[in-house]
Amino acid sequence: MTSFAEKMARPEILELTPYSSGYDDAALENGIRLNANENPWRVGGDGFGDFNRYPPSQPEKLIARLSEIYGVGANNVLVSRGADEAIDLLVRAFCRPNQDAIAIAPPTFGSYATAARLQCARIIEAPLTSDYTFDTKAFVVAVKAEKDLKIAFICSPMSPTGGAISKDELASMCEQLSEIIVAIDEAYIEFSALESMADKLSKLENLVILRTLSKAYGLAGARCGAVLASPDIIAVLQKTIAPYPMTTTSIDIAMRALSPVNKLIVDRNIRKVVEERERVAKALNGSHFVARILPSETNFLFIETNDAPLLKKRLDESAIRVRWLKSRQGDAIRLTIGAPDENDLALAAFGVASERGRSRIGECFRETKETNISVAIDLESADPTAINTGIGYFDHMLEQVARHGGFSLLLTCDGDLEVDTHHTIEDCMLAFGAALRDALGDGRGMARFGAALPMDEARAEVLVDLSGRPFSKFSGDFHAPLLGEYPTEMTSHAFRSLSEALRASIHVSVDGGNDHHKTESCFKALGRALRQATRIESNIIPSTKGVL
Ligand code: PMP
């Protein structure tokens, strides 16, 4: 029986025997590769990487990870060189030149029309309403009126306008347009409250979803996107795709960014974009250059402007690049949400003040053969805190530091716990110290010194000087060798590692009866001491040297 995908595809594509690279994963891992005319020698040493080998065309590990993240089967995923390549593949595989058409709802992302023009496919337009909402009824009518229309490209959340189309509406449209492919571009969905259409794939054979790592994962330079679709559609696209769409480097970078260790950081980055989007939109509403800002579920704002020539001049003077567009009302811009400092400069060009408080954010990404760690600290916010090192007791201790330190701490470690807990504890403290040091910046205004605190019968004193000079002294001993999987001998080591990476003097003395209490009081006291020492209390560098 002919499948929907086969009915839709260009006959030449169905007949095509795709280029065979002679590559397969088993050959790389288990066999001697004399099948791909590769050079056995590299031009660099061990650290150079296996660039003399072709990468897999559809890397199994990457497909497996994407299918896990997107909640679909591995046979529903095709990896592409960005969503841009996926758009081009769809048009090339399904639209016969000089005959078939695609449908779009302008204003929309430009690549759909570009891909169609390259393929000599016609473009049917069913524009958004005057209020920039998607009119499903009108769209369906326009598509149904057209013979040989193969693909409808719908972006949701929408670019450049930023709004979203509800999942129910999209699903109903897929049903009404069951005779064509409906490609839903979810490039910006991570920034929105929308749910992906991915769980509808098994029911809707004409549904294709486009995803990208360029936006939420911050990998625009790595060029990695994905098509999610029925296995039949994936098979047709696989015939059309280049032999090696992604480079060895891109595959490696994508795998690292998608690693569970980075999940907390990716989520935090998305949250920061969304918070900044709301802050910037609110501030811009006070600008006389702004006629209207459309509600956005993306990482940009669509702004209809007043007095565009003067605004353009002001933005140019500050070297702020924005995308100018023609809106229904006149000149509009699409403003990407940047880092807080960048957004403040944009706000200044719009003539509005930023109401942002001080920002003290620090990060550390530490990757060795023993541990892989991501840490993010925000000294100006008491939450969120999420810690996962694989050592329950140690997680609890780091939570104490963050809670009593009064700052947000996200820390994930994938460590060699099969060896023992040593590397994980040591490296986490080094990474924590480095992130804290990063957050402190030049230390202007901070109290610099801190001390603290008892717990039941136990008493720990932690004295901290964020001096820029590492020194560590630990007095106290423990009788129990382990607390859970946490070795008590690691406590003094943990403080030493922290003092090295934070470049701080840390003196700890602890005594008492119960080792759990004693250890916990050391970490709680550290949190308290850091709370005092990192507190902003002036506007000067706290040293007569003028630097820390
Ligand atoms: N879809 C939309 C709506 C986009 O805005 C973009 C990029 N600007 C893409 C797809 C392409 O993304 P990629 O970087 O993955 O090619």
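Out of all the residues in the stretch 145-177, which are in a loop (DSSP other than H, G, I, E, B) and within 16 Å of the ligand (Cβ to nearest atom)?
Going through the stretch 145-177, the residues in a loop (DSSP other than H, G, I, E, B) turn out to be 145-148, 156-166, 177.
Within the stretch 145-177, Ser156, Pro157, Met158, Ser159, Pro160, Thr161, Gly162, Gly163, Ala164, Ile165 meet the criteria.
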Among the residues of the stretch 70-103, what is the count of those that are in contact (Cβ under 8 Å) with a residue 60 or more places away in the chain, farther than 22 Å from Lys263 by Cβ and surrounded by fewer than 19 Cβ atoms within 10 Å (Cβ to Cβ)?
3
Can you find a residue in the stretch 223-234 that is surrounded by 20 or more Cβ atoms within 10 Å (Cβ to Cβ), farther than 18 Å from Gln58 by Cα and either free of Cβ contacts under 8 Å to residues at least 40 places away in the same chain or within 11 Å of the ligand (Cβ to nearest atom) (or both)?
no
What are the pairs with Cβ atoms under 7 angstrom where one residue, in the stretch 54-69, is over 16 Å from Met246 (Cα atoms) and the other, located anywhere, is part of a helix (DSSP H, G or I)? Sequence gap at least six, or different chains.
Ser67/Ala74; Ser67/Asn76
Is there a residue in the stretch 49-64 that is at pLDDT 90 or above, surrounded by 20 or more Cβ atoms within 10 Å (Cβ to Cβ), touching a strand residue (DSSP E or B) at 6+ places or on another chain (Cβ under 8 Å) and not hydroxyl-bearing (Ser, Thr, Tyr)?
yes
Every listed condition ((1) under 16 Å from Gln58 (Cβ atoms); (2) within 16 Å of the ligand (Cβ to nearest atom); (3) touching a Phe, Trp or Tyr at 6+ places or on another chain (Cβ under 7 Å)) holds for Pro243 save (2)
Of all residues in the stretch 182-201 being among the β-branched types (Val, Ile, Thr) and in contact with a Leu (Cβ under 7 Å, 6 or more places away or on another chain), which is nearest to the ligand (Cβ to nearest atom)?
Ile184
Pairs, first touching a residue at least 40 places away in the same chain (Cβ under 8 Å) and assigned by TED's automatic domain parsing to the domain that holds Asp395 in the stretch 514-533, second part of a helix (DSSP H, G or I) and β-branched (Val, Ile, Thr), C-beta under 8 Å, six or more apart:
Thr519/Thr491; Cys522/Thr491; Phe523/Val401; Lys524/Val401; Leu526/Val401; Gly527/Val401; Leu530/Val401
State which residue pairs qualify: first residue farther than 19 Å from Ser20 by Cβ and inside the stretch 31-44, second residue part of a loop (DSSP other than H, G, I, E, B) in any location, beta carbons under 6 Å apart, and separation of 6 or more residues or different chains.
Asn39/Asn52; Arg42/Asn52
Kindly provide the set of residues from the stretch 256-297 that are within 28 Å of Ala222 (Cβ to Cβ), touching a Ser or Thr at 6+ places or on another chain (Cβ under 7 Å) and at pLDDT 95 or above, ordered by number.
Arg277, Glu297
Check Arg334 against each of (1) surrounded by fewer than 16 Cβ atoms within 10 Å (Cβ to Cβ); (2) out of contact with any helix residue (DSSP H, G or I) (no Cβ under 9 Å at 6 or more places or on another chain) and name the one condition it does not meet.
(1)
How many residues of the stretch 170-188 are crowded, with 20+ Cβ neighbours inside 10 Å and either touching a residue at least 60 places away in the same chain (Cβ under 8 Å) or of a type in the set (S, T, N, Q) (or both)? The answer is 6
Which ones in the stretch 103-122 are within 16 Å of the ligand (Cβ to nearest atom) and either touching a helix residue (DSSP H, G or I) at 6+ places or on another chain (Cβ under 7 Å) or under 21 Å from Ile233 (Cβ atoms) (or both)?
Ala103, Ile104, Ala105, Phe109, Ser111, Tyr112, Ala115, Ala116, Leu118
Give me a count of the residues in the stretch 503-522 that are assigned to a helix (DSSP H, G or I) and surrounded by 24 or more Cβ atoms within 10 Å (Cβ to Cβ).
4
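This table checks each residue for (1) in a helix (DSSP H, G or I); (2) at pLDDT below 95.
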site: Thr17; (1), (2): no, yes
site: Glu38; (1), (2): no, yes
site: Leu66; (1), (2): yes, no
site: Leu78; (1), (2): no, no
site: Ala115; (1), (2): yes, no
Residues in the stretch 86-102: is at least one more than 14 Å from Ile151 (Cα to Cα), touching an Asp or Glu at 6+ places or on another chain (Cβ under 7 Å) and either within 16 Å of the ligand (Cβ to nearest atom) or not aliphatic (A, V, I, L, M) (or both)?
no
Restricted to the stretch 386-419 and to residues being in a strand (DSSP E or B) and touching a Ser or Thr at 6+ places or on another chain (Cβ under 6 Å), the residue farthest from Pro260 (Cα to Cα) is Ser408
Residues satisfying the stated conditions in the stretch 371-390, i.e. surrounded by fewer than 24 Cβ atoms within 10 Å (Cβ to Cβ) and more than 19 Å from the chain's Cα centre (by Cα):
Thr371, Glu380, Ser381, Ala382, Asp383, Gly390
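Results for (1) acidic (Asp, Glu); (2) more than 32 Å from the chain's Cα centre (by Cα); (3) within 22 Å of Arg469 (Cβ to Cβ), shown as yes or no for each residue.
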| residue | (1), (2), (3) |
| --- | --- |
| Ser499 | no, no, yes |
| His507 | no, yes, yes |
| His517 | no, yes, no |
| Ala525 | no, yes, yes |
| Arg531 | no, no, yes |
| Ile536 | no, no, yes |
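From the list Leu301, Leu210, which residue is assigned by TED's automatic domain parsing to the domain that holds Leu335, within 16 Å of the ligand (Cβ to nearest atom) and part of a strand (DSSP E or B)? Step through it out loud before you land on a result.
Numbers: Leu210 fails: assigned by TED's automatic domain parsing to the domain that holds Leu335.
Checking each option against the conditions leaves just Leu301.
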Which condition does Asp252 not pass, out of (1) of a type in the set (Asp, Glu); (2) surrounded by fewer than 16 Cβ atoms within 10 Å (Cβ to Cβ); (3) assigned by TED's automatic domain parsing to the domain that holds Arg81, if it passes all the others?
(2)
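The values are calculated or read from the model by the stated rules, or taken from the named source; none is laboratory data. The structure displayed is predicted, hence computed values, not measured ones. Here the Cβ is made from the backbone with ideal geometry for all residues, glycine too, and neighbour counts use every protein chain on show.
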